[in-house]
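The values are calculated or read from the model by the stated rules, or taken from the named source; none is laboratory data. Please read all numbers here as calculations on a predicted model, not as lab measurements. All Cβ positions, glycine included, derive from the backbone under ideal geometry; neighbour counts span all protein chains shown.
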Amino acid sequence: MKEKNEKTESEKNVKKERNNYSKNSNFQIISKFKSTIWYICGLLEMLFAFRLFLKVFGANPNNAFVQGVYNISGIFLEPFSGIFSSTVGSGAETKAVFEPTVIVAMFVYMVLTYSIIRLIEIYQR
């Protein structure tokens, strides 16, 4: 009887370990997923910051890097186009453009990312 009791106790411990491993594995997957979301948001924010910097300082739009930044960021700024008009200041050699839309997009994407992360954390419990 005692052996049977010990055996069931041992089986319970094995089940607990498997359950803990499963929970830890799920936690790691969810943690990596959340880190990936933050990373993507960071890249997007950096892209917007580059665009803002390049526009304000009147970077040459014919440059390949500048065109790349404008084209890629333009895709993500499309939902916000037309909210504000751009302010253009002309200098001796270049045009400086201030786009408030970029700042709005940066804020909205950050809030959206934070909301998604919080939602994942709520369902993770």
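So if I check each of ASN19, ASN5, ASN13, ASN26, which one is assigned to a helix (DSSP H, G or I) and modelled with pLDDT of 65 or more? The match here is ASN26. Within the stretch 44-57, residues that are of a type in the set (Lys, Arg) have Cβ atoms under 6 Å from residues that are part of a helix (DSSP H, G or I) and surrounded by 14 or more Cβ atoms within 10 Å (Cβ to Cβ) in these pairs: ARG51/VAL69; ARG51/SER73; ARG51/VAL102, counting only partners at least 6 apart in sequence or on another chain. Of the listed requirements (1) at pLDDT 95 or above; (2) touching a strand residue (DSSP E or B) at 6+ places or on another chain (Cβ under 6 Å); (3) of a type outside the set (A, V, I, L, M, F, W, C), GLY42 misses just one: (2). Exactly one residue out of ILE72, ILE122 is hydrophobic (A, V, I, L, M, F, W, C) and either part of a strand (DSSP E or B) or in contact with a Leu (Cβ under 7 Å, 6 or more places away or on another chain) (or both): that is ILE72. For the stretch 58-78, a residue qualifies if it is in contact (Cβ under 8 Å) with a residue 12 or more places away in the chain and either within 17 Å of the chain's Cα centre (by Cα) or crowded, with 16+ Cβ neighbours inside 10 Å (or both), and the qualifying residues are GLY58, ALA59, VAL66, VAL69, TYR70, ILE72, SER73, PHE76, LEU77. Residue under question is PHE50, and the condition is that it be surrounded by 12 or more Cβ atoms within 10 Å (Cβ to Cβ), within 13 Å of THR101 (Cα to Cα) and either out of contact with any Cys (no Cβ under 9 Å at 6 or more places or on another chain) or of a type outside the set (Lys, Arg) (or both); does it hold? Judged against the criteria, PHE50 is not a match.
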